[in-house]
Amino acid sequence: MSITFSLMVLVALVWGAVVSKRMTYYLHMAQLEGYNPTEFQGWKHHHTDYGFNSTHRSAFVVGLLLCLALIFGQNFTWISIGMMALLLMTWMQLTKEVKKPLVMTGRAKRLRTGWMQLTGFVLLVSGLIGFFVGGINGLAIGLYVAFILTNGLCFYSMLASMILLIPYENKINQGFYDQANEKIKSREDLKVVGITGSFGKTSTKFITGTILNEKWNTLVPPSSFNSAMGVCKVINNDLKAEHEIFICEMGARAMGQIEELAKLAEPQIGVITAIGPTHLETFGHIGNIVKTKYELIENLPCDGIAIFNYDDPNLKKLADKTFKEKVLYGIDSDPASLDLRADAIQVNMKGSTFDLVDKEGHRVACQTKLLGKHNIQNILAGASVAKVLGMTLEEISAGIAKIEPVEHRLQLIDPGTGVLVIDDAFNSNPVSSKAALDVLEAFDTGKRVIVTPGMVELGETQTQANEKFGEYIADVCQVVVLVGPKQTEPIQKGLANKEYPQEQIHIVRTMTEVTALLGQILLPGDVVLFENDLPDSYNE
């Protein structure tokens, strides 16, 4: 075996290891961005350190210069060593903590295969051109050029693979969609409840399912299965003949997506929990969010029933213009305008008690483990569905007593150390973050501590909302732990507006640092609120 060939194999092995790691990283980010090319590009735009940073650019340019030097007959051994060093430099750029690992779904495997085919094509063409022009040395030069190109442009080859696979993926998705829709159409006996909203919809889904299970066999999709493909998977795999009611959570990041879900699941009852400034980066402005959520009501059948949170100003307007049969629930609105409301509310560290009151004045006492006034609104949504379907107030109250906290949504955890944890890490927006702080304020057994990276996807309002969040934090917390120095700058400004003591603010970069810090500062009696936990695609 010649030295040239041996070095070429060695460089190829290093390239294979490096580019495989980079490909896996970009595949992970593509999955977190929902395999959406536009959002994948948006991620790169906001994360230049992990997309194509100065080290990648330098390695790319120097690598091409080394290939050029090879063409002009420079020492092959030293240039091969230089190539390996450049490749390893880019390897070192991808060492970071991962909170939610890549899941190798069928789609992820197809995208990986597409990327491998595209990359293999570049290697083949470049190598063949080099070989026919310059024999074994030409082959080496051709492959080295391909190594540099495929490593340096790894993000773009992943993006190109994603775009090229769109027609194929659409065909697969349409097959799942049609199968699920046919199954729904074949079940004339099935009641379907659609639930959407900017926030509160997942909690409301589980709450409604618990109440309805008092009387009917109800299918409640797990976790946040609220996209078209997630709902298709539940219908195709989990919906059985014995199910009498199916609760369909409907999420959206763009206009038209609720309509797509409504046409898929064909709900007879539609619930909108709240409308707020979430996913503004994709919706543009709140008017588009209002229109999108209302797609659920527009797609109800003529005899369908719309259920609105009448306390929400945006939903009040929608409810008032709706001519379909409707049910209005709330806490703060005029009681005379509400079909179902909560009265005599008592919220404490162990949960809440309230009276459930209908329009006729009938009332029943209710007790729940859920924390926070906003969770009572979610319970009212579920109670409204139950009443529409014919449950008595007593049956509804029995169901409410069985509701368990939803994971990562104001979930109170007692790890047995004397320190209580309020886990509200699933997501955060201006309304839910304020509600979480209101809950935290009820605890007075020790220091009130918040750990947060702030709120995201709020569009142009994000900076202002986080600054306001910082001001609320200053009013409630004795210790503040901010994750991400750059991400949390608006919160820091909000704290400064309130002249919050700098020595009570801790700024860290990772959750590992959070754990180490909390181990040093927490004492029995303290309460820690984890408010939001950004996905890996948002890490600084």
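Would you rank D189, D311, D533 by solvent-accessible area, highest first, keeping every protein chain in place and using a 1.4 Å probe?
The ordering from most to least exposed comes out as D189, D533, D311.
Calculate the FRET efficiency for M89 and Q346 from the Cβ-Cβ distance with a Förster distance of 56 Å, rounded to the nearest 0.05.
Efficiency for this residue pair is about 0.35.
When the dipole is taken about the Cα centre of segment 358-427, and only Lys, Arg (+1) and Asp, Glu (-1) are charged at their Cβ, what size is it in debye, to the nearest 20?
Value, rounded to 20: 200 debye.
Between C302 and A496, take the C-beta separation as r, use R0 = 51 Å, and let me know the FRET efficiency to the nearest 0.05.
Calculated value: 0.35.
Principal axes first, then extents: for the Cα atoms of segment 241-298, list largest minus smallest coordinate on each axis, whole Å, largest first.
Sorted largest first, the three principal extents are 42, 19, 18 Å.
Can you compute the modelled spin-label distance between T38 and S58, with each label point 7 Å from Cα toward Cβ, in nm?
Inter-label distance under the simple model: 3.6 nm.
Kindly express, to the nearest 10 degrees and within the range 0 to 90, the angle between helix 201-212's C-alpha long axis and the longest C-alpha principal axis of the chain.
Rounded to the nearest ten degrees, it is 50.
Give me log10 I(q)/I(0) at q = 0.11, 0.18 Å⁻¹ for segment 372-516, Debye formula, one equal scatterer per alpha-carbon, no solvent.
Values, matching the q order: -0.50, -1.07.
Counting only helical runs of four or more DSSP H residues, what would the 222 nm mean residue ellipticity of the chain come to if each run contributes -39,500 (n - 2.57) and the total is spread over all its residues?
That comes out to -17000 deg cm²/dmol.
Roughly how big is segment 307-361's charge dipole about its Cα centre, with Cβ charges of +1 (Lys, Arg) and -1 (Asp, Glu), in debye to the nearest 20?
240
For segment 125-258, what are Rg and Dmax over the alpha carbons, in angstrom?
Answer for segment 125-258, Rg first and Dmax second: 24.5, 79 Å.
So what's segment 403-449 giving for Rg/Rh, alpha carbon basis, Kirkwood Rh from the mean inverse pair distance?
Computed over Cα atoms, the ratio is 0.96.
I need the Debye-formula profile for segment 301-421: one equal scatterer per C-alpha, no solvent, reported as log10 I(q)/I(0) at q = 0.09, 0.11, 0.16, 0.21 1/Å, two decimals.
-0.27, -0.40, -0.78, -1.19
Ignoring everything but the protein chains, give the 1.4 Å probe accessible area of V103 in square angstrom, nearest 10.
Accessible area of V103: about 80 Å².
Nearest-5 percent of antiparallel DSSP beta bridges in the chain?
Percent antiparallel among DSSP bridges in the chain is about 30.
Kindly write out, for segment 304-321 in residue order, the coupling ³J(HN,Hα) from the Karplus curve 6.51 cos²θ - 1.76 cosθ + 1.60 (θ = phi - 60°), rounded to whole Hz, with x marking Gly and Pro.
My calculation for segment 304-321 gives x, 10, 9, 10, 10, 7, 6, 6, 7, x, 5, 6, 4, 5, 5, 4, 5, 9 Hz in order.
What does the convex hull of the Cα atoms of the chain come to per residue, in Å³, rounded to a whole number?
It comes to 176 Å³ per residue, whole-number rounded.
Taking 24 Å as the cut-off for C-alpha to C-alpha distance, list the pairs among K316/K359; K191/K293; K263/K326; K240/K263; K317/K359; K183/K402 that go past it.
Distance filter (> 24 Å) returns K183/K402.
Any chance you could check the Cα centroid distance between segment 437-496 and segment 219-247 for me, in angstrom?
After rounding, the separation between the Cα centres reads 36 Å.
How large is Rg/Rh for segment 214-326, to two decimals, with Cα atoms and a Kirkwood Rh?
On the way: Rg = 14.4 Å, Rh = 14.8 Å.
The Rg/Rh ratio comes out at 0.97.
Could you state how much accessible area H285 has, in square angstrom rounded to the nearest 10, with a 1.4 Å probe and all protein chains kept in place?
100
Rounded to the nearest 0.05, what FRET efficiency is calculated for I3 and L65 with R0 set to 25 Å and r the Cβ-Cβ distance?
Taking R0 as 25 Å, the efficiency between I3 and L65 is 0.65.
How much length is gained on full extension from K21 to S337, taking 0.36 nm per residue of separation minus their Cα-Cα distance?
Values: separation 316, 0.36 × 316 = 113.76 nm, distance 5.92 nm.
Full extension of this stretch gives 107.8 nm more.
Mind checking the per residue accessible area of segment 96-209 for me, 1.4 Å probe, whole number of Å²? Don't skip to the answer; put the middle values down first.
Values: 5550 Å² over 114 residues.
Heavy-atom accessible area per residue stands at 49 Å².
Take each of the peptides 407-416, 427-436, 458-467, average the number of other beta-carbon atoms within 10 Å over its residues, and list them starting from the highest.
427-436, 458-467, 407-416
Based solely on C-alpha atoms, express the radius of gyration and the Dmax of segment 199-244 in angstrom.
Computed over the Cα atoms of segment 199-244, radius of gyration and Dmax are 10.9, 31 Å.
Ignoring everything but the protein chains, give the 1.4 Å probe accessible area of F225 in square angstrom, nearest 10.
Solvent-accessible area, nearest 10 Å²: 60 Å².
The values are calculated or read from the model by the stated rules, or taken from the named source; none is laboratory data. Small disclaimer: the values here were computed from a predicted structure and weren't measured. Positions of Cβ are generated from backbone atoms using ideal geometry, with glycine treated the same way; all protein chains shown enter the neighbour counts. Just the protein is used for accessible areas: all its heavy atoms, side chains included, with ligands, DNA and RNA removed. Shrake-Rupley method; radii C 1.70, N 1.55, O 1.52, S 1.80 Å.
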